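This structure is in structure tokens; I'll ask about it shortly.
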Amino acid sequence: MTDPLDHWARQAGSAVLLDGFHALKHALRFGAEVPVAVTTDRTAALALAGELAPDVREALDALLTEVDAASYATLVPRPHPTGVAALAVRPSREANLRRLAQAPRTAPIVVLDEPRNLGNAGAVIRLAAGFGATGVVTTGTLDPWHPTVVRGGAGLHFATAVERVPVAELPDGPVYALDPEGEDIRGTKLPDDAVLAFGSERAGLSAGLRARADHLLRLPMRPQVSSYNLATSVAMTLYHWSAF
């Protein structure tokens, strides 16, 4: 039998860390290839699967290997309360770009323009997956597959296409950028092939993205409130798309 820690060490350099039961659960549901998964309590992890995710319990039963708490702690930057961790094969960039370029699109693409906060980026990916968005694209230096982003996304990177691209290479489609100077979003019906762009909370849209935008829209906001959280803005916009 292969030592799970040796197997982990061989895979870790190129794999995606799935930190916690829920990240592993979602990755399996959406077809991720998971070569190794460990837990500090196999019985408890399978009981949790039976309660919350019976659809993947059989797969988890075949995957999970129990390790001691000290060994588990060496594999993750911050131990998860569920005591579960796994490594998954990252989808190829080419495959994700093909998904983003598919036509006709039946759901928007979310663009995070030069985001700064890893946790917020993960929350946006989780939202986008929940709404069935075609994908999430980031511009700038933030890696959307950073372990902290994947943790914030609860493994739902595998439910949508997630990539980093320059503004000049954004997927085709009308770009609707959220900006305080835009028109009230409530007067606009967002098409299914929309590219929905959001600037960082501090800096807003970059000059390149603003120049690329076909439409500027603003979210309703009470006077003297300066901004919404990035994930909240994305949630409001995707809800507007889905409801109208």
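To the nearest 20 Debye, how big is the dipole of the range 93-243 about its Cα centre, given +1 on the beta carbon of each Lys and Arg and -1 on that of each Asp and Glu?
Taking the Cα centre of the range 93-243 as origin, the dipole is about 360 debye.
To continue, here is another question. I'd like to know which of 7, 236, 130 lies farthest towards the positive end of the charge dipole of the chain, counting +1 on Cβ of Lys and Arg and -1 on Cβ of Asp and Glu.
Of the listed residues, the answer is 236.
Based solely on C-alpha atoms, express the radius of gyration and the Dmax of the range 129-244 in angstrom.
So, for the range 129-244, Rg and Dmax equal 14.0, 39 Å respectively.
Still on this model: Give me the log10 of I(q) over I(0) for the range 4-88 at q = 0.15, 0.21, 0.26 Å⁻¹, as the Debye formula computes it from C-alpha points; what are the numbers?
-0.45, -0.92, -1.44
Now for a separate question. Taking 45 Å as R0, compute the FRET efficiency from the Cβ-Cβ separation of residue 95 and residue 9 and round it to 0.05.
According to the calculation, E is roughly 0.95.
A further question on this structure: Charges only on Cβ, +1 for Lys and Arg, -1 for Asp and Glu: so what's the dipole of the range 8-150 about the Cα centre, in debye to the nearest 20?
420
Further, regarding this structure: Nearest-5 percent of antiparallel DSSP beta bridges in the chain?
Details: 9 of 34 bridges.
Percentage antiparallel, nearest 5: 25.
So, with +1 on the Cβ of K and R and -1 on the Cβ of D and E, and no other charges, what is the size of the charge dipole of the range 4-88 about its Cα centre, to the nearest 20 debye?
On the way: 6 positive and 10 negative charges, 41 e Å.
The calculation lands at about 200 debye.
Please state the relative contact order of the range 93-243 as a whole percent: Cα pairs under 8 Å, 6+ residues apart?
28
For the range 175-234, what value does the Rg/Rh ratio take when both radii are computed over Cα atoms and Rh is the Kirkwood radius, given to two decimals?
That ratio equals 0.93.
Moving on. Can you give the Rg to Rh ratio for the range 112-165, taking only C-alpha atoms and Rh from Kirkwood? Intermediate values should be presented prior to the final figure.
Working: Rg = 9.4 Å, Rh = 10.4 Å.
Here Rg/Rh amounts to 0.91.
Starting from the exponent 0.38 and prefactor 2.2 Å, build the expected Rg for the chain from its residue count and divide its actual Cα Rg by it.
1.09
Set Lys and Arg Cβ to +1 and Asp and Glu Cβ to -1, take the dipole of the chain about its Cα centre, and tell me which of 43, 79, 220 lies farthest positive.
220
Ranked highest first by the average count of other Cβ atoms within 10 Å around their residues, in what order do 218-224, 73-79 fall?
By packing density, highest mean first, the sequence is 73-79, 218-224.
Kindly provide the pair-distance distribution of the range 22-138 built from C-alpha pairs, with 5 Å bins from 0 and whole-percent values in order of increasing distance.
Taking all Cα pairs of the range 22-138, the binned fractions are 2, 9, 17, 18, 18, 15, 11, 7, 2, 0 percent.
Explain nothing, just the number: relative contact order of the range 4-88, from Cα pairs under 8 Å at least 6 residues apart, as a whole percent.
Answer for the range 4-88 is 49 percent.
Here's a follow-up. Counting other C-beta atoms within 10 Å, and keeping those with at most 15, which DSSP coil chymotrypsin sites (Phe, Trp or Tyr not before Pro) do you find in the range 1-74?
Here the chymotrypsin sites (Phe, Trp or Tyr not before Pro) that fit, given the DSSP loop and packing criteria, are 30.
No lab work stands behind these numbers, since they all come straight from the coordinates. Quantities reported herein were computed from a predicted structural model and do not represent experimental measurements. All Cβ positions, glycine included, derive from the backbone under ideal geometry; neighbour counts span all protein chains shown.
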